[in-house]
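Step one of this worksheet: look at the structure below.
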Amino acid sequence: MDLRVALIPVGKVDVVEVEAAALRLAKILNKAVELRQPAAVPRAGDDPARGQHLAAPFLAELRQGLPRLAVQKLVGAAPAAAPVAAGPPDAAIFVTDVDLFRPQTEGVFGEIDAATHSAVLSLRRLREAFYRRKADPAKQRSRLVKLALYALGRARGLPECRDPSCALFTTTALADVDMKPEKYCASCWRRLTTGAYRI
Ligand SMILES: [Zn+2]
């Protein structure tokens, strides 16, 4: 498989947290994951009255700035790995602290755009603190990893999966995310790694 996945922190998001997720992703994908330098928080989609950003324009602005963000680290690569080749990744997943929403929703975990193979995930609703519960960093990381797997599949044009034990199963509620394992089913894995599925 030669799938190049980039993870990009947005604004003042904790880079250590993003790198930990990148490392886990690299293990699951059996492929090093690019950690790019942080992107600035987009102004697009800002809704001060709601204290949130509208997800689609937020992602569009992030995607536009991607070529300017250098690869800082190849997470999960062998120490003697070759320098990172230039060029766009096959999928770019931005991670933000900003709370996102879509019209008709209170808030969302993120936004995915298959046309540009990109996605943005918000940590806000993955934190136990958001639900007034005690912080649980391990759970939070696992949620980010599962959503990143979901976003990666969808950004590569795969449909949602009907298998509840697959990362591409629906992620409407936090309970859906917590129930899933950190992996794809065999069929989705094949589609993702061989590019057998294209829209
Ligand atoms: Zn599946």
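Structural remarks
- Total residues in the stretch 151-166, condition of a type in the set (Gly, Ala, Ser) and either over 21 Å from residue 116 (Cα atoms) or within 13 Å of the ligand (Cβ to nearest atom) (or both): 2
- Any chance residue 118 is away from the ligand (no atom under 16 Å from the Cβ) and hydroxyl-bearing (Ser, Thr, Tyr): yes
- Residues in the stretch 39-69 that are under 20 Å from residue 109 (Cβ atoms) and either part of a strand (DSSP E or B) or not small (Gly, Ala, Ser) (or both): 15 in all.
- Some residue of the stretch 77-89 being touching a helix residue (DSSP H, G or I) at 6+ places or on another chain (Cβ under 9 Å), crowded, with 18+ Cβ neighbours inside 10 Å and at pLDDT 95 or above: no
- Pick from the stretch 167-199, criterion modelled with pLDDT of 95 or more and touching a Pro at 6+ places or on another chain (Cβ under 8 Å), ranking: farthest from the ligand (Cβ to nearest atom): 167
- Flag set for residue 138, criterion: among the small types (Gly, Ala, Ser) and under 18 Å from residue 14 (Cβ atoms).
The values are calculated or read from the model by the stated rules, or taken from the named source; none is laboratory data. Values in this document were obtained by computation on a predicted structure and should not be read as measured data. All Cβ positions, even for glycine, are placed from backbone atoms using ideal geometry, and neighbour counts span all protein chains on display.
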